[in-house]
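Derivation of every value follows stated rules applied to the coordinates shown; laboratory data play no part. Quick caveat, the model's predicted, so the values are computed rather than measured. When we count neighbours, we look across all protein chains shown, and the Cβ atoms used for this are built from the backbone with ideal geometry, even at glycine.
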Amino acid sequence: MGVTLEGFLRCASEDEAARVRAALPEHVQLTRAEPGCIRFDVTPTDDPLVWAVSEEFVDPAAFEAHQARACASDWARETQGIARDYTVTGVP
């Protein structure tokens, strides 16, 4: 069973948004190269401080491996404290 994550990354300031813009290209590239990644999109919305996030992984193990890698990455350090509003389905 696949795992999906849908939601929003919500910055509180332009400084946070600048950090997202700087770190996002590498994060997207690394995630899309992960085994088991079917889809990984982080796209701007009409609000310059908000990004829509849509992810799909083949199974819970692939999703958990992504989470572990992302938590230890430059992305995690650069975006620490930025609000995430996500719904995850497919994880037991």
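Data for the structure
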quantity: Members of region 9-36 that are loosely packed, with under 15 Cβ neighbours inside 10 Å and touching a residue at least 24 places away in the same chain (Cβ under 8 Å); calculated: Ala12, Ser13, Glu14, Ala22, Glu26, Pro35
quantity: Residue that is surrounded by the fewest Cβ atoms within 10 Å (Cβ to Cβ), among those in region 42-92 that are among the small types (Gly, Ala, Ser) and closer than 21 Å to Glu16 by Cβ; calculated: Gly81
